[in-house]
Structure formats: C-alpha cells, structure tokens
C-alpha cells in the first residue's frame, strides 16, 4: 500500500464511558484491535451507537473510532463557535490530514503501533445543537454541485491496537485502486 508523506499529528485524544456527546480529553487512549477505544461507550465489535442498536444490534461496528480534524475547529471558531477537542464526540482530534478527502479503506498509522481503517463519514446529528446552538448546520454544507458536505469527521475501525497520545505522528496509507469516496456510516 502506498503511503503519503503526511505531516499529520494527533492534537488530542478523548474518551467517555457513557453515551454523552462530549468526551473528556485524556493524556492517552488505548485502541483495541477489532473493538475501538478502551473504556469508550462506543467500543465493541458490534454497533454501540444507540440508534443503530435499535435497528439491528448484531451489525458490525464500523464506528469504533471517531476522528475530527482540528481545522474544522478553526473554521468553526472563525464562525463564532468555541469548540474544544472532544466536544463534538471525537476520540481523536487530528491536524494536517485531510480526513474528509480520504477514500474508504484508507489506513491511518497513528503513533508507534495503532492502525485505524477509515470506514466512512460521520453523519452529524441534532445532539450537536446541545453543544452550541446552530452547530449542526455549521458542520453541513453544499459543494459546487449542490451535494451535501458533511464536515463532522470520519469513522473507523481498529485494525491494529496501540496507545495514542497528543503529538503522535499520523501516516496515511491508501489501499489499491479504485478508491471509493467516503459516504456516511
């Protein structure tokens, strides 16, 4: 798999044992292969997001790890929102990687050991408005063709476990072509 020279870095890591929107920052998190973030409410081989559990609790958990790019926080700050890492529910806040532009199946090598496979886009929910009024609308946009653009991060599964902490490097590796654009999961 070809890798790209990325200047990606972990800005913050966040975890919550309960189903809350915001996740407190930690000094480090532990990613568990096939499960997700140790101690997080969304950890598991099968779905843990409550709305998805209601539909089919046996479906595979393609949302084990939630990543948001710190550049989104910068954009939101410029629009008057004060959003800190973890407030939008992400486990890993990154900088320097175009998360939204990655194809499905991209591998993120994070720190010394961890590998997260990107499965798709996070579909923002109305709970974001509980963080700040109007936040959900602020993370949705339209492209030049009128298509909805979801900016609230990406979801992934843990392919190789390991510890992840702020300042850890992120290396991006694409799978073989054809590359499929991200869709909501």
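Throughout, read-outs are computed from the coordinates displayed, never taken from laboratory work. All values derive from a computational prediction rather than experimental measurement. Note that we place each Cβ from the backbone using ideal geometry, even for glycine, and neighbour counts take in every protein chain shown.
Among the helices (runs of 4 or more DSSP H) confined wholly to segment 50-148, which include 3 or more residues that are surrounded by 14 or more Cβ atoms within 10 Å (Cβ to Cβ)? Before you say what the answer is, go through the steps one by one.
Details: elements: 50-55, 70-78, 128-131, 135-138.
Because the criterion is at least 3 residues that are surrounded by 14 or more Cβ atoms within 10 Å (Cβ to Cβ), the helices (runs of 4 or more DSSP H) in segment 50-148 that meet it are 70-78, 128-131, 135-138.
Report the residue count in segment 56-70 for those that are in contact with a helix residue (DSSP H, G or I) (Cβ under 9 Å, 6 or more places away or on another chain) and farther than 17 Å from residue 155 by Cα.
Initially, segment 56-70 is screened for residues in contact with a helix residue (DSSP H, G or I) (Cβ under 9 Å, 6 or more places away or on another chain), giving 59, 61, 63, 67-69.
Right, trim to farther than 17 Å from residue 155 by Cα and you get none.
Here the count works out to 0.
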